[in-house]
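Read the structure below first, then the notes.
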Amino acid sequence: MKPASPQWHFGRGDALLVVDVINDFKHDDGEHLLESFRERLPAMSGAIAAARAAAVPVVYVNDDLGRWDSDAPGLVRSASESCPGATEVVRELAPSAGSHFLLKHRYSAFDHTALDLLLEELEVERVVLIGAATEGCIVQTAIDAREHGLKTTILADACATTDGELEAVALQYAERVVGARLAEIGEVADRS
């Protein structure tokens, strides 16, 4: 991964998209994904804190986990109870009061959601992506963001993965083909 410009930081027109951080980890790659979440939790939390400190909108877009009730606290509770070993991760990353929260049913945060309308209302020009999984929902969301005319930055160290090799390929694709900018939260946290 190519390091980002040292001048990179949250700015006017940015929104932080927090993708699929509420997870019950009950799937084939759940154990690997949870391990990656634990490893990258400080960067994820740091990105959320940096966005809030910069008054940048924080928008959670999460898989519905089989629920269709748009109850963010209920989704957090359900995920925590389903996988007690993930409670600290889920609670650390849970939306706070005032955070925007949308449910999704596909890989992309844009696909069949109101995300594009919300970002337009917030006058967003660039989405900054964190969450999971890099090689799936994060890169698919970056592709769709470009299709919606938005600039995209992926904070790679604040994204969890099920497979390091797939993640490397996906990030290379996102940068070279999609035109997404790759950065790390350390670059943001140093300027908060």
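Every number in this text was worked out from the coordinates using simple rules, so none of it is lab data. As the structure is a computational prediction, the values presented were derived from the model and not from experiment. Note: ideal-geometry Cβ built from the backbone for every residue, glycine included; neighbour counts use all protein chains shown.
The table that follows gives values for the structure above.
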| item | result |
| --- | --- |
| Kyte-Doolittle mean at least -0.5 and Cα axial length at least 30 Å: DSSP H helices in the chain | 30-53 |
| Least to most buried among R176, R181, R77 (fewest other Cβ within 10 Å first) | R176, R77, R181 |
| Listed residues G46, G98, G11, most fluctuating in the chain (Gaussian network, C-alpha, under 10 Å) | G98 |
| Contour minus Cα-Cα distance for S99 and D28 (0.36 nm per residue) | 22.6 nm |
| Residues D63, D163, sorted so that the one with the fewest Cβ neighbours within 10 Å comes first | D163, D63 |
| Interchain or long-range residues, amide H under 5 Å from T153's placed H | V127, V128, L129, R181 |
| Cα-based shape type of the chain, given that a ≥ b ≥ c are square roots of the gyration tensor eigenvalues and the cut on a/c is 1.5 | rounded |
| The range 14-189 - percent relative contact order, Cα under 8 Å, separation 6 or more | 29 percent |
| Those trypsin sites (Lys or Arg not before Pro) in the range 14-66 that DSSP places in a loop and that have at most 16 other beta carbons within 10 Å | K26 |
| Per-residue [θ]222 nm for the chain (sum of -39500 (n - 2.57) over DSSP H runs n ≥ 4, rounded to 500) | -11500 deg cm²/dmol |
| Packing-based exposure ordering (other Cβ within 10 Å, fewest first) of C159, C137 | C137, C159 |
| Förster-model FRET efficiency, 45 Å R0, S82 and E123, C-beta, rounded to 0.05 | 0.75 |
| Pair R12, A114: separation of 7 Å Cα→Cβ label points (nm) | 2.8 nm |
| Stretch gain in nm, segment L65-R91, where the contour uses 0.36 nm per residue and the Cα spacing is subtracted | 7.8 nm |
